[in-house]
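Structure first, commentary second.
The values are calculated or read from the model by the stated rules, or taken from the named source; none is laboratory data. It should be emphasised that the depicted structure is a prediction, and the values quoted were computed from it without experimental measurement. Here Cβ is always computed from backbone atoms with ideal geometry, including for glycine, and neighbour counts include all displayed protein chains. Ligands, DNA and RNA are excluded from the accessible area calculation, which covers all protein heavy atoms including side chains. Shrake-Rupley method; radii C 1.70, N 1.55, O 1.52, S 1.80 Å.
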Amino acid sequence: MKVLTVVGARPNFMKAAPIIWAVSKHNESAAADSGDRRDGPAETIHHLLVHTGQHYDELMSGSFFRDLGLPRPDVHLGVGSGSHAVQTGEIMRRFEEVLLRERPDVVVVVGDVNSTLACSLATAKVAFDPVGSRPLIAHVEAGLRSFDRSMPEEINRVLTDHICDLLFVTEESGLQNLSDEGVSASKIHFVGNTMIDSLLAFKAKAEASTILEELGLRDHTENSSARDSVHPYALLTLHRPANVDNREALLNILAGLEELAAECPIVFPVHPRTQRRIREFGLESQLLMVGGERKEERRDGGKTHHGIIATDPLGYLDFLCLMRHARLVVTDSGGMQEETTCLGIPCVTARENTERPVTVESGTNTIAGTTKEGIRDAIRRQTARQFAEVGPKQWDGHAATRIVDVLVRSNQERILSRPSLIAAMSEGATRAPKRPAAEGDEN
Ligand code: UD1
């Protein structure tokens, strides 16, 4: 069985990595079982990793492959940046060539980025033979809905879900959303969250990160425990076009953070899009840049600086360490709402909505909107709260194992049903009613 998994942008890497580990485990146990099974050896999976190249910088891609122990991609499409149409169209064109060459049994797409939609759409329309055989398409993180069609990710989510054969859902709201949209229950599998599989797998290793010391946020003393010696700080990320592409919108959010910045340092690893906007809008003076020659400015006579401390984008382990020890997280990211829920860290989401309502129900996340007052008030409320490290249902570190089990089973079922499928398709073709001639058809 040949499975091809697609990654493209930063949030894909930690969602796909556990699937690759689960495939390896499946292959190990298939090899060990082969002598004992009455129905012959269990099928192993030949796995291929395809990177579209939507994100290409070392800090947005390369470092994640290393931190997560991901293998080098078998295929790199090298697409790079562009408008939505250019990026999506170019990924489709290049991915179709890979499909026709590799002829996988299953294509796995994750999340809601342009690469997710482009590769599922190319797969849904490919035909390996005259009866239209194509791979099964599996969407990991299906069913999430913000109900805000101005978000490119919402378009990607809705369209991807409706052309996939297997929908792997992370939270119960996803089951309801898919059912409301008329998606057949037979396609839907509530497996949990592979992003949380990665988080649980790397939580302990992330403690070895030295990022807190590098930012002057932890004093290393022999006697005290690491946790006790961490200075209080908050963590900030902003990258959504609606928040950062407009000067007023960005200034509003920064104004909402002023009170917090006076109380403790706010660490701000800045996405490339946001870095560019900060430069264009002339807002550098509002931030204390850390890195390069200005690194020494982060400490002031042994005291940690307050204010917003901007850094380049950070790798997975450094970022996980920062998230785990933060007093509060302020973000417009989707994934961080989930990661903070699992870690029991208060989160303020600088957006008008969320497609991940379980994070709000669990109490760790609050939707602040994007006004100065909304963000300031949400920060006041959330800093006063404390949470336990308990994840929602099925966020137990085993989502990817469940996914691989379903992939193997579904592929076997499809092989068994193939002769009847082909017969049904050719019967359908001969029985299909003739399309009535439309006006102008005779031309
Ligand atoms: C994409 C996803 C978004 C996800 C985010 C995480 C879509 C529609 N959006 O948004 O859901 O939350 O990734 O980062 O797929 N750039 C670089 N280096 C890189 C990648 C991007 O400098 O490696 C810059 C380019 O100038 C590019 C801009 O960032 O134009 C935006 O990148 P793009 O992939 O278009 O969207 P993101 O905003 O990153």
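Specify the residue that is farthest from ALA142 (Cα to Cα); the eligible residues are those in the range 119-131 that are touching a Lys or Arg at 6+ places or on another chain (Cβ under 9 Å) and open to solvent by less than 40 Å² (accessible area, probe 1.4 Å).
Restricting to residues being touching a Lys or Arg at 6+ places or on another chain (Cβ under 9 Å) and open to solvent by less than 40 Å² (accessible area, probe 1.4 Å), the top hit is PHE128.
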- request: Can you tell me which residue among VAL244, VAL267 is surrounded by 15 or more Cβ atoms within 10 Å (Cβ to Cβ) and more than 15 Å from the ligand (Cβ to nearest atom)?
  value: VAL267
message: For a quick check of your reading of the model, give me the residue pairs whose first member lies in the range 182-195 and is farther than 16 Å from VAL110 by Cβ, whose second is part of a loop (DSSP other than H, G, I, E, B), with beta-carbon atoms closer than 7 Å and at least 6 apart or on different chains.
response: LYS187/ASP165; PHE190/GLN394
- prompt: Quick one: how many residues across the range 68-85 are within 14 Å of the ligand (Cβ to nearest atom), open to solvent by 50 Å² or more (accessible area, probe 1.4 Å) and not in a helix (DSSP H, G or I)?
  reply: 3
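Would you mind listing the helices (runs of 4 or more DSSP H) fully within the range 86-200 where at least 1 residues are closer than 20 Å to GLN54 by Cα and within 15 Å of the ligand (Cβ to nearest atom)?
Details: elements: 114-125, 152-163, 172-180.
Qualifying helices (runs of 4 or more DSSP H): 114-125, 152-163.
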